[in-house]
Amino acid sequence: MASVTLEHVTKQYGGVTAVHEVNLAIDNGEFLVLLGPSGCGKTTTLRMVAGLEEVTAGRIMIGNREVTEEPPKDRDIAMVFQNYALYPHMSVFENMAFGLKLRKTPRSDIERRVKAAAEILGLQPYLQRKPRELSGGQRQRVALGRAIVREPAAFLMDEPLSNLDARLRDQTRVELKGLHQRLGTTTLYVTHDQTEAMTLGTRIVVMRDGKVQQVDSPEAIYRNPANQFVATFVGTPAMNLLSGTVADVNGIRMVKIGGQTVPVTGPLGDALERLTGKSVTVGVRPEDITVRPPEDGPHLTASVRVVEPMGHEKLLYCDLEGTQVTVREDNAWPGRAGDQVALRLDPDTLHLFDPETEDRVQ
């Protein structure tokens, strides 16, 4: 195991900058996830760490050794791709052992490592089977086993679960998390799936247009997003964003949203003093909005357009003066589409963003 460090790493293709001065320090044994939409630079970043892409500027360290100019075979890393890339004519054992044979590893060591990896992954009954005789999940485990037997300083994984169906992806994700807890190998993992990022990552790196937007724990990114992009990209359903203006009414801080107002008290209300009269974007997650009788206190009036039953809960898609607001309600909620509802926003859960820069202001 080893730490992985990226210092001002940049990748350009002609006049296009695909990755812009990425600085990351991945601790020894950490599971770091690169998360973002297609084209954000996450896979390019991973490939530079692997040595499959040249670095335009900056440097990469694995442990205390700089590997920026070293070929992939000398970096002591093992990769797992979206494509299993198994040799169809080889057995599971032979696929897992192939890389070790190329390195002229002694036969006894090969058998020991393959059998140990097979035990960890539950592949013992399949060691003599060919890939065509395996399910998709089993093939992915073979690909993981091929990486494990290398006993590398770090694993690099590029969307390894994308080819699996939803149920198998959930199962394999749990297995992958357990595998990391057992092995403790430093892992850099690329995905566009926020569920994978939130459940697997020790920390998450959210990327957009080749730039790092935020690096933090899953909980911190969810509760304290650095900007609107992070706020809406992480979380399902996405965070609601409402355009508003900060006002002071008889000493009480308010946010005007359309023709309605929401009082903001406590620490957030105090912080709003410097923003009085200014436009803000109010962010609130669906689970932080509650439907209450109007007499229960300050609220926003909206109409329910669609009710989406989810089994354990209901999602309400409401119209608030032309803006859609999503609300997560208990499955026992008795209303229906067409109802007028009173939405209560808890001031302790609100997020405020600058409408011009989209950065968090509070």
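The values are calculated or read from the model by the stated rules, or taken from the named source; none is laboratory data. The shown structure was predicted, so the numbers you read here are calculated from the model rather than taken from an experiment. Here the Cβ positions follow ideal geometry from the backbone for every residue, glycine too, while neighbour counts run over all protein chains shown. Side chains are part of the model used for accessible areas, which takes the heavy atoms of the whole protein and leaves out ligands, DNA and RNA. Shrake-Rupley method; radii C 1.70, N 1.55, O 1.52, S 1.80 Å.
Things worth noting here:
- Looking across segment 290-308 at every residue that is within 30 Å of the chain's Cα centre (by Cα) and modelled with pLDDT under 95, the one that is nearest to Gly235 (Cα to Cα) is identified as Thr290.
- Matching residues in segment 296-336 - criterion: being on the phi < 0 side of the Ramachandran plot and part of a loop (DSSP other than H, G, I, E, B): Pro298, His299, Met310, His312, Asn331, Ala332, Trp333, Pro334, Gly335, Arg336
- Pair list, Cβ < 7 Å and 6+ apart or interchain, from segment 189-209 residues that are closer than 19 Å to Ala78 by Cβ to residues that are open to solvent by 10 Å² or more (accessible area, probe 1.4 Å) and in a strand (DSSP E or B): Val190/Asp158
- Test: residue in segment 269-281 that is closer than 30 Å to Leu32 by Cβ and either open to solvent by less than 60 Å² (accessible area, probe 1.4 Å) or aliphatic (A, V, I, L, M) (or both): yes
- Among all positions in segment 26-39, there is no residue which is over 21 Å from His180 (Cα atoms) and outside any loop (DSSP other than H, G, I, E, B).
- Residue within segment 203-218 that is part of a helix (DSSP H, G or I) and either open to solvent by less than 60 Å² (accessible area, probe 1.4 Å) or under 22 Å from Leu24 (Cα atoms) (or both) present: yes
- Hits in segment 232-275 - residues which are assigned to a strand (DSSP E or B) and among the polar types (S, T, N, Q): Asn240, Ser243, Thr245, Gln260, Thr261
- Filter result for Arg65 (surrounded by fewer than 20 Cβ atoms within 10 Å (Cβ to Cβ), among the charged types (D, E, K, R), touching a Ser or Thr at 6+ places or on another chain (Cβ under 7 Å) and under 20 Å from Leu6 (Cα atoms)): no
- Residue among Asp330, Asp339, Asp346 that alone is surrounded by fewer than 18 Cβ atoms within 10 Å (Cβ to Cβ) and either of a type in the set (Gly, Ala, Ser) or under 23 Å from Thr245 (Cβ atoms) (or both): Asp346
- When the criteria are applied in full, Gln140 fails the requirement of being among the polar types (S, T, N, Q), within 19 Å of Leu200 (Cα to Cα), open to solvent by 30 Å² or more (accessible area, probe 1.4 Å) and assigned to a helix (DSSP H, G or I).
- Taken over segment 68-95, the criterion of being assigned to a loop (DSSP other than H, G, I, E, B), within 15 Å of Gly51 (Cα to Cα) and open to solvent by 30 Å² or more (accessible area, probe 1.4 Å) is satisfied by Glu69, Glu70, Pro71, Asp76, Phe81.
- Selected residue [among the hydrophobic types (A, V, I, L, M, F, W, C), under 24 Å from Asn224 (Cα atoms) and in contact with a Gly (Cβ under 6 Å, 6 or more places away or on another chain)] from Val284, Val255: Val255
- Looking only at segment 143-174, and only at residues there that are in a loop (DSSP other than H, G, I, E, B) and either aromatic (Phe, Trp, Tyr) or on the phi > 0 side of the Ramachandran plot (or both), the one that is surrounded by the most Cβ atoms within 10 Å (Cβ to Cβ): Glu159
- Restricting attention to segment 1-25, the residues that are open to solvent by 70 Å² or more (accessible area, probe 1.4 Å), part of a strand (DSSP E or B) and either under 20 Å from Ile77 (Cβ atoms) or free of Cβ contacts under 8 Å to residues at least 24 places away in the same chain (or both) add up to 3.
- Residue match in segment 255-268 (condition: open to solvent by 40 Å² or more (accessible area, probe 1.4 Å) and at positive phi): yes
- Enumeration of residues in segment 40-60 that are among the charged types (D, E, K, R) and in a loop (DSSP other than H, G, I, E, B): Glu53, Glu54
- Qualifying residue in segment 290-301 (condition: open to solvent by less than 20 Å² (accessible area, probe 1.4 Å) and touching a helix residue (DSSP H, G or I) at 6+ places or on another chain (Cβ under 6 Å)): no
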